[in-house]
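Below is one structure, written out as structure tokens, with a few remarks after it.
The values are calculated or read from the model by the stated rules, or taken from the named source; none is laboratory data. These figures come from a predicted structure and were not determined experimentally. Virtual Cβ from ideal backbone geometry, glycine too; neighbours counted across all protein chains shown.
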Amino acid sequence: MRTALLVAVVVLAGTGGDVLMTMAMKKVARDEPWTWRGGPFRILRALAQPLLWAAVGLMVLSFLAFITVLSWANMTLVVPATATNYLVGAVGARLLLKERVSRMRWAGVLLVAAGVLLVCTAG
Amino acid sequence: MLSNALRTRTNLFIAFIVILNPLGNTFLRAGMSRAGAPSSWTSQGLALFFGKAFQSGTIWLGMILLMLFLICYMLVLSWADYSYVLPASAGSYVVVGLLGSLVLGEHVPLGRWLGIGLICAGAALVGRTSPATGMEG
């Protein structure tokens, strides 16, 4: 139960961090066409976004939960369990970022999640 | 409509991500395994451990590579869909498998190759969708 709870924190906080980072980056890039010279300035402007720092906070929380759960649970259980982040990420992109996730993309996400599961459990 | 330039640029950054992340982790792992585990978990022991770790050029190289990875990840997310970037960058598992097998000579079991095949198939399917369903940036 404790393990499931912490794995949920790893996946939800990690995905939440990614979603917030995407929001922050989309915000700084809004209405601005891409140029290679402008790339570093895009990063610098992102550092001034509170959303980005909230993302970093969630990523740190995810990492701390990950190393905590590894102190008692087997890595062969924990790492494959975190493969669910591909599904949670796609749901988050659909619901929070309002991205259009087509059937083909869902199929790809499911194949990737199954593949990551196999890679982490084989042998 | 999406331009081919956007697709090429997105896939270029995903290629950077897929290479930089496992490469950075490999250097970190090599450096940390050479540094060894902390001799004690007291604050003095940990300070000694981190002090030793940060003297390693391998670890700095790993951190620089991971920093470059993070910059590429942030930039690609500034125009591409998260639901595109996330599965497409799972190609890093493929790079890990190939590096382990070809460079380090590690045995990669059949099931792992099957998993790598599924990841490639999934990433290829995702790659056929538009990288950015929102507006161009």
Among B:Leu114, B:Leu110, B:Leu99, B:Leu118, which is the only one that is farther than 30 Å from A:Trp34 by Cα and in contact (Cβ under 8 Å) with a residue 24 or more places away in the chain?
-> B:Leu99
Taking B:Arg7 as the residue in question, decide whether it is touching a Pro at 6+ places or on another chain (Cβ under 8 Å), surrounded by 12 or more Cβ atoms within 10 Å (Cβ to Cβ) and not aliphatic (A, V, I, L, M).
-> yes
Given the conditions (1) among the β-branched types (Val, Ile, Thr); (2) surrounded by 12 or more Cβ atoms within 10 Å (Cβ to Cβ); (3) over 23 Å from A:Leu47 (Cβ atoms), every one holds for B:Thr42 apart from (2)
Within segment A:73-84, identify whether any single residue is of a type in the set (Gly, Ala, Ser), closer than 18 Å to A:Val112 by Cα and out of contact with any His (no Cβ under 9 Å at 6 or more places or on another chain), and answer yes or no.
-> yes
Quick one: what pairs do we get from segment A:96-120, first residue modelled with pLDDT under 90, second of a type outside the set (Ser, Thr, Tyr) and assigned to a loop (DSSP other than H, G, I, E, B), C-beta under 7 Å, 6+ apart or different chains?
-> A:Val116/B:Ala90
Subset of segment A:94-123 [basic (Lys, Arg) and part of a helix (DSSP H, G or I)] = A:Arg94, A:Arg103, A:Arg105
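One line per residue, one yes/no per condition, for (1) within 13 Å of chain B (Cβ to nearest Cβ); (2) surrounded by 16 or more Cβ atoms within 10 Å (Cβ to Cβ); (3) in contact with a helix residue (DSSP H, G or I) (Cβ under 7 Å, 6 or more places away or on another chain); (4) assigned to a helix (DSSP H, G or I):
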position: A:Glu32; (1), (2), (3), (4): yes, no, no, no
position: A:Phe41; (1), (2), (3), (4): yes, no, no, yes
position: A:Leu52; (1), (2), (3), (4): yes, yes, yes, yes
position: A:Thr68; (1), (2), (3), (4): no, no, yes, yes
position: A:Trp72; (1), (2), (3), (4): no, no, no, no
position: A:Val78; (1), (2), (3), (4): no, yes, yes, yes
position: A:Ala81; (1), (2), (3), (4): no, yes, yes, yes
position: A:Leu87; (1), (2), (3), (4): yes, yes, yes, yes
position: A:Gly92; (1), (2), (3), (4): yes, yes, yes, yes
So the helices (runs of 4 or more DSSP H) completely within segment B:70-137 holding 1 or more residues that are within 7 Å of chain A (Cβ to nearest Cβ) and surrounded by fewer than 19 Cβ atoms within 10 Å (Cβ to Cβ) are B:110-127
Picked from segment A:98-109 (must be out of contact with any helix residue (DSSP H, G or I) (no Cβ under 6 Å at 6 or more places or on another chain) and facing chain B (nearest Cβ under 7 Å)), the residue surrounded by the fewest Cβ atoms within 10 Å (Cβ to Cβ) is A:Arg100
Considering only segment B:45-59, state which residues are surrounded by fewer than 15 Cβ atoms within 10 Å (Cβ to Cβ) and either in a helix (DSSP H, G or I) or in contact (Cβ under 8 Å) with a residue 24 or more places away in the chain (or both).
-> B:Gly45, B:Leu46, B:Ala47, B:Leu48, B:Phe50, B:Gly51, B:Gly57
Evaluate the following for B:Arg29: is it among the basic types (Lys, Arg) and modelled with pLDDT of 90 or more?
-> no
